[in-house]
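To start, the structure under review is shown below, and the notes come after it.
Nothing in this text is a laboratory measurement; each read-out follows from the coordinates by a stated rule. Quick caveat: nothing in here was measured; it's all calculated off a predicted structure. As a convention, Cβ positions derive from the backbone with ideal geometry for all residues, glycine included, and neighbour counts pool all protein chains shown.
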Amino acid sequence: MKRSIEDHAARFSAVATEYDEEQDSEEYAACASLVIEGAAPGAEETVLDLGTGTGAIALALAADAGKVIGRDISEGMLAEAREKATAAGYENVSFGEGRFRDPNVDEPVDVVVSNFALHHLSDAEKREAIHTIAALEPRRFVLGDVMLSAAVPEGEEQFSPEVDDPATVGVLVEALTDAGFVVSDATLVSDQYGVLVADRER
């Protein structure tokens, strides 16, 4: 049975204080670096980080962006993100509740990023989320996530099938294209992880 958003939020809140220490895989670090590099915000631009978690990507972009908005479903993760932002002295970053299909943003955004969050949605929900992101009219969307280049034999998954629902690269590229994006770069970190950089058609 597919877990509810509330279940996911509670699960992440329960591990929020240890979450950063547990994200030590080479694949995760590589995807995070590629997302940050691909976002490349300008000094006057606003970045929206969906599924911001403890704010790792948001805070990494804060020095270059004019403003960064982090959104997540887990209050525990958001509390960690706010604490880290305060400790780092960033005043151009804000964190609040929001989700892929309801990002809770009422201002223009130039760049949208997300790292290791979209895979919790079904393929149909991913498509809806990508269309919601497109409606915000960012110039760029950078997605780092679990994305499969081929079918994964049972038992060899590097994700948790009971809570994760990753899509193939093809499904994600098709969804981005249907929403009006052009995928300008696709980097596969492994056969189960990758980063897509998608620019909005003008």
Two-site FRET efficiency, Ala135 against Thr168, from Cβ-Cβ distance with R₀ of 25 Å, rounded to 0.05: 0.55
Find the all-direction average of the projected area of the Cα convex hull for region 129-175, expressing the result in square nanometres with one decimal place. 4.0 nm²
Add -39500 (n - 2.57) for each DSSP H run of 4 or more in the chain, then divide by its residues: what number comes out at 222 nm, to the nearest 500 deg cm²/dmol? -11000 deg cm²/dmol
Peptide ranges 35-47, 65-77 listed from the most packed, as the mean C-beta count within 10 angstrom indicates: 65-77, 35-47
Cα coordinate range in region 95-202, projected on the principal axes (Å, largest first): 44, 30, 22
Can you work out ³J(HN,Hα) from phi for every residue in region 141-155, in order, using Karplus 6.51 cos²θ - 1.76 cosθ + 1.60 and θ = phi - 60°, giving whole Hz and x for Gly and Pro? 10, 10, 10, x, 5, 5, 8, 8, 8, 7, 4, 9, x, 4, x
For region 105-117, what does the Karplus curve 6.51 cos²θ - 1.76 cosθ + 1.60, with θ = phi - 60°, yield as ³J(HN,Hα) per residue in whole Hz, taken in order and with x for Gly and Pro? 10, 10, 9, x, 10, 9, 9, 10, 10, 7, 10, 6, 9
Gyration tensor (Cα) of region 43-90, equivalent ellipsoid semi-axes in angstrom: 17, 12, 7
From the phi of every residue in region 186-191, what ³J(HN,Hα) in whole Hz does the Karplus formula 6.51 cos²θ - 1.76 cosθ + 1.60 yield, where θ is phi - 60° and glycine or proline is x? 9, 10, 8, 6, 7, 6
Long-range HN-HN contacts of Val113 with modeled amide H, under 5 Å: Leu48, Asp49, Leu50, Val142
Using a basic spin-label model with each label point 7 Å from the Cα along Cα→Cβ, how many nm lie between Ala40 and Asp64? 0.8 nm
With a ≥ b ≥ c from the Cα gyration tensor eigenvalues, square-rooted, and the rule rounded for a/c under 1.5, otherwise prolate when a/b > b/c and oblate otherwise, region 21-129 is rounded
Would you mind estimating how fast region 5-200 diffuses translationally, via Stokes-Einstein at 4 °C and 1.567 mPa s with the Kirkwood radius over Cα pairs, in µm²/s? 78 µm²/s
